[in-house]
Amino acid sequence: MPQGAAGRTTAEEMTAGGTAEAMPFNLLVLACLAYVIFLFSVAFLVERRARTGRLGWLRSSLVYTLSLSIYCTAWTFYGAVGYAARSGLEFLTVYLGPTLVFIGWWWVLRKLVRIGRQHRVTSIADLISSRFGKSNSLGVVVTVIAVVAATPYIALQLQSVVLSFGVFASRTPDGFTPPDAAQTAIWVTAGLALFTILFGTRNLDAKEQHHGIVTAIAVEAVVKLVALVAVGIFVVWGLAGGVGQMLDRIDASPLAGWSMQPGRWTGLLFLSAAAVICLPRMFQVMVVENADEGHLARASWAFPAYMALMSLFIVPIAVMGLDLMPAGSNPDMFVLTLPLSQGQGGLAMLAFLGGFSSATSMVIVEAIALATMVSNHIVVPAWLKLRPAAALAGDLRGLVLNARRVSIAAVMAMGYGYYQLSGGSAALAAIGLIAFAGVAQFLPAMIGGIFWRGATRTGAMTGLVVGFVTWAYALFLPSFGPDAVLSASLLAEGPAGLSWLRPQALFGVVGMDPLTHALFWSLMLNATAFFIVSVLTFPGPVERLQGAAFVNVFDGPSSGPRRWSAGEAEPEELLVMAQRILGEDEAQSLFESAARAQGKTQSLLPDPTPEFLSELEQRLSGSVGAATAHAMISQLVGRAMVSVEDLMALASESAQIMEHSAQLEAQREKLARTAGALREANEKLTQLSVQKDAFLSQISHELRTPMTSIRAFSEILSEGDLPPEMVARNGRIIHDEAKRLTRLLDDLLDLSVLESGKVSLTLGLANLREMIDHAVQSAEQVKPERDFAILRDLAAENLFLRTDADRLTQVFINLISNARKYCDAAFPELRIAVRVKGGRVVIDFADNGKGIPKEAQSTIFEKFTRLPNESRAKGAGLGLAICREIVANLGGSIAYLPGQRGAAFRLIVPLRLDRRAA
Amino acid sequence: MRRPRRPIFLARIPYRRRRLRDAARLLPVFGAFLLVLPVMWSPPDAGARRLSGDVVYFFVIWTLLVLIAAAFARGLSAEDAAGGSGPDDGGGDDGGGDG
């Protein structure tokens, strides 16, 4: 509201101007009293239901949304019309800013509400103090700023009630003498204080909620909306004659000359958006009294809708008021005087109750919010400091409640005092926006606190103090007018002639109007100081814990690091203290459930574990604020509070644990691998042992057969007297058997030499075709009677290998002989294919027999392996074993090649074998 | 503190929810733009602009914002109730400082 424009007229002048058909004053008082009694009973009934837990729809999102409407105070109800009459549509910014904040609830409000619920925040001072390490000094600063900014605002509400009384009271046909304005004010103040104390300090609820008051406020919200809309409808359709004509009148009115000032428009949008988060009373209803986070989603559009409805008829009322009311009437009272002048006494009565509702609801909630802050951050800490023993001995519940009652009375008294001092001066009307700018100083600390972990207590403190001082110097103090607080010369020339420090033109900035100017500089300096000091300072341990808990509030329940490192406290002392604050029943049930959770079935007292201490602290902070709760517990627990070292130890501990478990995991895998390898080796060893046994028995068997026949025939020979032809035959048999034995032993020797790898190779260049030719020839003596076709690719075979030609030929002979021996086809044939591939020669030997059965394929290269059902076999079964060893010694490999029609072997040897590889 | 790893790709419904959150976050930005826009209109002295037009403009924008916010709120609160409030919201990701 532009300064100095409003409230120029006193109540008397104003109503003298109107053609007031005044209502009997005592009727007015009666209506007021009836209304107040109605509100009392609503609050009373709701409180009673709340105590029995039957709140039902009273905790609905509807009530929540309506309670938010305390944003629209009497300043809205009466003042907005006056504002519009003077400054056109600028009044809309006050409601459009909060609209943006609410439809953008996913950004800030949601987080605020979650934090508020999770940390049992009792006020905005508690939020900021709790975030920055439960620092009580910060809480004190926030409280002081809030009180300074809100006191004039409360005075404004008192003034509006007094003014509206005055409108009605000017004529007293019944001879009843109306009290003067001062007397009205004092009655209103006392009544409001009584109501607030009765319902605002009923209980020291753990979550600081006041269902009765919230419901009463919701009722008042409906009344003021209905009243304003009723007046608006009367004005548009009753006086102007419809929407079309109303629009024409708007264009014809003096308001049409209003031009939008870009800086001020944007600045006010921002200011009101900031204020709706920072105002203590808004924080109270939005965060503290929030019963369910889901309500916020509904309110995100319902509350903007409410504000839109409240604003809808402001311009028509202002236009018609300017049109119909005599010049010089106070536009702030058009809502009341316009219906009165048209003889609508009932409508005026409704409007009066609406204004009354706006003022009272705001004052009540503001008083509760401020009183909570004052008692939790100033009175109780001071009391505990003066009498440290009181934490254990004194009745803290009573102390806190009394502190709160006294604080409410004090806040109301300050509002009244301010009203009296300023005498309903012009400055009062502008105080709305000035108060907004005052509480907007909380914005950097608050937003920074919940989104930036780097924000520190010192930074927040510096920012708040700098912003507050700038605000007071540039806006608040000058608003009293020249020579009231700041001298006219200081305003005009700056302190000690320093013109760049002129309150309303700081640093030479003159282009802005005083409000935008002060808002700009105070928030600018505030945020800058907050940021720079935060960056430069180092936060304490509790601060860092709280910072993490606030910023990461959505990362799950507060299972964060413990706030207490060890419990040295006596559980009994803790219980005694908790009982003093929470009340006996609640404290005992809290302790009992904690004890049960710890597995204690007998005892009522849980061990003072860090977890329990955290939980207890949180419960206590719901009643007395985080800072006080923290201080009280640390008094009992002693120096068991976490230190930076503890934090670091905790962090490195968990890092170590993680590292350790990673190591364990790696070791486990390694062990598993080793175990696997061992198992394999063991199997192999077992297998080898079995093979060795089999080998021994095979070899003895192989050796015994020729030995037996040699022994038998040599016995016959030694008996003599044999015919010579018999001797010759026997001798030949002995010779053959001895040759077989020798061959077997040769093979065995050969094999053992080959297996040990100590074989000496004779390397040289040799033609593959010649080697195969040789092998085919040598093999011809095997089953020479069979007609055996050998298919060869002579061109491909024509290549030189550097290898041991004799050995390789031995392999070829063996393979071809095997084919000749075992190929059972009617027209047996052997195909020999040769390919060169990447420096290696691939030689396939494939016959067209029935091949080797699958189960035997894996064992044919083993020693003494003979194919089952192969009775014709004469060899010892060492041939393929020797082949394998030779090929291995030649740096190649031999394998059974499945998938051919008959038996097939693939032999791969290097084209050039150097001695190393041998 | 390292956050638990989150999936990179989402199924259709969670994907829709994320985009709804994005829309909800952007709504006030668009709203602010529309509310500041008249600042750049021609001044009323030029004759081309009428106060009633301004009044109608603001209330139309206001109504639209309320309606869109109402449409969003239903989906967003349903998602909250379903426990879908992931750690990625609230802009709390900038945990710059210590820890």
Threshold 50 Å², region B:7-42 residues less accessible with all protein chains present than alone (1.4 Å probe): B:ARG25, B:PRO28, B:LEU35, B:VAL39
Calculated FRET value between A:GLU584 and B:VAL60, using beta carbons and R₀ = 51 Å, to 0.05: 0.30
C-alpha center-to-center spacing [region A:292-352, region A:473-548] in angstrom: 35
Residue pairs, from the table A:LYS684/A:LYS854; A:LYS739/A:LYS863; A:LYS684/A:LYS863; A:LYS783/A:LYS863; A:LYS783/A:LYS821, whose Cα atoms sit over 18 Å apart: A:LYS684/A:LYS854; A:LYS739/A:LYS863; A:LYS783/A:LYS863
Region A:214-363, relative contact order in percent, only Cα pairs under 8 angstrom and at least six apart counted: 48
Other protein chain Cβ atoms within 10 Å, averaged over every residue that makes up B:62-72: 6
Ranked by how many other beta carbons lie within 10 Å on average, peptides A:467-475, B:59-67, A:821-829 from highest: A:467-475, B:59-67, A:821-829
Buried solvent-accessible surface, both chains (A, B), 1.4 Å probe, Å² to nearest 100: 4100
Contact order normalised by residue count of chain A, Cα under 8 Å, 6+ apart, percent: 15
Chain A, helix-only ellipticity at 222 nm - DSSP H runs n ≥ 4, -39,500 (n - 2.57), divided by all residues, nearest 500: -21000 deg cm²/dmol
Accessible area in square angstrom per residue, region A:714-844, 1.4 angstrom probe: 57
Partners for A:LYS385 among lysines (Cα-Cα distance below 28 Å; same-chain residues under 8 apart left out): A:LYS134, A:LYS207
Overall form of region A:68-143 per C-alpha gyration tensor (a/c, 1.5; a/b vs b/c): prolate
With DNA, RNA and ligands ignored, accessible area of A:HIS630 (1.4 Å probe; Å², nearest 10): 20
Length-normalised contact order for region A:468-618 - Cα pairs under 8 Å, 6+ apart - percent: 15
Burial order of peptide ranges A:495-505, A:258-268, A:186-196, A:368-378 (average beta-carbon count within 10 Å, highest first): A:368-378, A:186-196, A:258-268, A:495-505
For region A:794-810, Karplus couplings with θ = phi - 60° (6.51, -1.76, 1.60), whole Hz, Gly/Pro x: 4, 4, 5, 6, 6, 8, 9, 10, 9, 6, 8, 5, 5, 4, 5, 4, 4
Net charge, A:LEU911 excluded, C-beta distance under 13 Å - Lys, Arg +1, Asp, Glu -1: +4
Surface share of carbon and sulfur [accessible, 1.4 angstrom probe, percent] for region A:397-539: 72
Ellipsoid semi-axes in whole angstrom, largest first, where each is sqrt(5λ) of the Cα gyration tensor of region A:735-822: 25, 22, 9
Proximal charge balance of A:LEU39 [Cβ under 13 Å; K/R count +1, D/E count -1]: -1
Solvent exposure of region A:289-330 as accessible area per residue, Å², 1.4 Å probe: 29
Probe 1.4 Å, protein heavy atoms only - accessible area per residue of region A:244-288 in square angstrom: 29
Per-peptide average of other Cβ atoms within 10 Å, ordering A:71-81, A:451-461, A:790-800 highest first: A:71-81, A:451-461, A:790-800
Global form of region A:22-128, assessed from the alpha-carbon gyration tensor, a/c cut-off 1.5: oblate
Coordinate range along principal axes, alpha carbons of the protein assembly as shown, Å, largest first: 177, 75, 61
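The values are calculated or read from the model by the stated rules, or taken from the named source; none is laboratory data. As the structure is a prediction and not an experimental result, all values here were calculated from the model. Please note: Cβ atoms are built from the backbone with ideal geometry, for glycine as well, and neighbour counts cover all protein chains shown. Surface accessibility is based on the protein's heavy atoms, side chains included, excluding ligands, DNA and RNA. Shrake-Rupley method; radii C 1.70, N 1.55, O 1.52, S 1.80 Å.
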